[in-house]
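One structure is given here, and the rest of the page talks about it.
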Amino acid sequence: MTRKYYLSSFYVMTFLFSSPLLTLHFIFPSAGKYSVSFTQLAPAFAVAALALLFKDTTIIKDTRNHFRVDKAAVKWLMPAFAVPAIGIIISSLIMSYYQVTFVAWEGDTLFYLLNFVAILIGCAAEEIGWRGFLLPNLQKKYTPFSSSIFVGILWGVWHLNFTAGLLGFVLYTITIIEMSILMTWLYNKSDGNLVLMTVWHFSFNVTSHIFLWDRFTLQLFEVESVVFGILCLFLFVSERNTYFFKSKQGSIEV
């Protein structure tokens, strides 16, 4: 089996693992109260399954090596946390401007602690798949920008978020694609640091809980797609003449 089949196999396996993991929410309905998302484990399980199925231990080894705390992690830690948070806060302010009711995400100290731990684990598990495995493989053949679009589409579709109907699903996926573009830029700037990718993902999810709790409507998806689209425009302007839009030599191996 050549590597070109790894990518499609990974995505199919991610969906295959997602189905039984989703059923766990019906068995343990209270898990959702603490932000436990069993399906977030699916991308990590898919990567592990590929390594076992094709007897390719380098997949696990290289993914593990990209979870590191180094100079790049320290340098880019604040942007990794702040950029998605700013995007969510701006979206929240716009929703408030249009008088969409703010609902507080409330609980005691233990409630927040358990939620934060669950969110962190889920985000790390997803990043093992999307940017630990899929993105670096794509970047061997395509530009970072093209690879980020591809990852964003697969990532967004996998969520199957029909909270606001078909149009909401499309707008949500557009926002995920925009997120993927921004994260790919940081991924390459930090030499593929998955700690930063997890921090970014964690920041997005936590701030969404804090500022957008119970406001997941079509209007929100419209606002988020515009806000994160504007952030992407800033990136396009600043990176228009860089490797981001060109084939990158010596891309990260998986």
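The values are calculated or read from the model by the stated rules, or taken from the named source; none is laboratory data. Note that the coordinates shown come from a computational prediction; the quantities given were computed from them, not determined experimentally. No Cβ is skipped: glycine too gets one built from the backbone with ideal geometry, and neighbour counts run over all protein chains shown. Surface areas here come from the heavy atoms of the whole protein model, side chains and all, with no ligands, DNA or RNA. Shrake-Rupley method; radii C 1.70, N 1.55, O 1.52, S 1.80 Å.
Within the set of pairs 6+ apart or on separate chains, which have a first residue in region 73-84 that is more than 11 Å from Leu186 (Cα to Cα), a second that is modelled with pLDDT of 95 or more and assigned to a helix (DSSP H, G or I), and C-beta atoms under 6 Å apart?
Pairs found: Phe81/Val199; Phe81/Ser203; Pro84/Trp200; Pro84/Ser203; Pro84/Phe204.
What are the residues in region 219-239 that are open to solvent by 60 Å² or more (accessible area, probe 1.4 Å), free of Cβ contacts under 8 Å to residues at least 60 places away in the same chain and either closer than 15 Å to Thr163 by Cα or not in a helix (DSSP H, G or I) (or both), if any?
Of everything in region 219-239, just one residue is open to solvent by 60 Å² or more (accessible area, probe 1.4 Å), free of Cβ contacts under 8 Å to residues at least 60 places away in the same chain and either closer than 15 Å to Thr163 by Cα or not in a helix (DSSP H, G or I) (or both), namely Glu222.
Scan region 25-48 for residues that are in a helix (DSSP H, G or I), modelled with pLDDT of 95 or more and open to solvent by less than 70 Å² (accessible area, probe 1.4 Å) and jot them down.
Scanning region 25-48 gives Phe38, Thr39, Gln40, Leu41, Ala42, Pro43, Ala44, Ala46, Val47, Ala48.
How many residues, within region 17-27, are without any contact (Cβ under 8 Å) to a residue 40 or more places away in the chain and touching a helix residue (DSSP H, G or I) at 6+ places or on another chain (Cβ under 8 Å)?
Number of matching residues: 5.
For region 169-200, name all the residues that are open to solvent by 10 Å² or more (accessible area, probe 1.4 Å), in contact with a His (Cβ under 9 Å, 6 or more places away or on another chain) and hydrophobic (A, V, I, L, M, F, W, C).
Hits for region 169-200 are Phe169, Val195.
Which one of the conditions (1) in contact with a helix residue (DSSP H, G or I) (Cβ under 8 Å, 6 or more places away or on another chain); (2) among the aliphatic types (A, V, I, L, M); (3) free of Cβ contacts under 8 Å to residues at least 40 places away in the same chain does Leu41 fail to meet, given that it meets all the rest?
Condition (3) is where Leu41 drops out.
Please report, ordered by residue number, the helices (runs of 4 or more DSSP H) entirely within region 64-149 with at least 3 residues that are of a type in the set (Phe, Trp, Tyr). Quick ask: steps written out before the conclusion?
Values: elements: 71-97, 109-129, 135-138.
Of the helices (runs of 4 or more DSSP H) lying wholly inside region 64-149, those with at least 3 residues that are of a type in the set (Phe, Trp, Tyr) span 71-97, 109-129.
Among the residues of region 49-58, are any in contact (Cβ under 8 Å) with a residue 60 or more places away in the chain, more than 18 Å from Gly122 (Cβ to Cβ) and basic (Lys, Arg)?
Looking for residues that are in contact (Cβ under 8 Å) with a residue 60 or more places away in the chain, more than 18 Å from Gly122 (Cβ to Cβ) and basic (Lys, Arg), one finds none in region 49-58, hence no.
So which residues in region 197-218 are under 21 Å from Ser35 (Cβ atoms) and more than 11 Å from the chain's Cα centre (by Cα), if there are any at all?
Val206, Thr207, Ser208, His209, Ile210, Phe211, Leu212, Trp213, Asp214, Arg215, Phe216, Thr217, listed by residue number.
I'd like the residue in region 155-168 that is open to solvent by less than 30 Å² (accessible area, probe 1.4 Å) and among the hydrophobic types (A, V, I, L, M, F, W, C) and, out of all such residues, is nearest to the chain's Cα centre (by Cα).
Trp155
Given the condition among the β-branched types (Val, Ile, Thr), within 19 Å of Trp213 (Cβ to Cβ) and over 12 Å from the mean Cα position of the chain (by Cα), answer yes or no: does some residue in region 121-142 qualify?
no
Only residues that are open to solvent by 10 Å² or more (accessible area, probe 1.4 Å), farther than 18 Å from Leu235 by Cβ and out of contact with any Pro (no Cβ under 8 Å at 6 or more places or on another chain): list them for region 115-152, please.
Within region 115-152, Phe116, Val117, Ala118, Leu120, Ile121, Ala124, Asn137, Lys140, Lys141 qualify.
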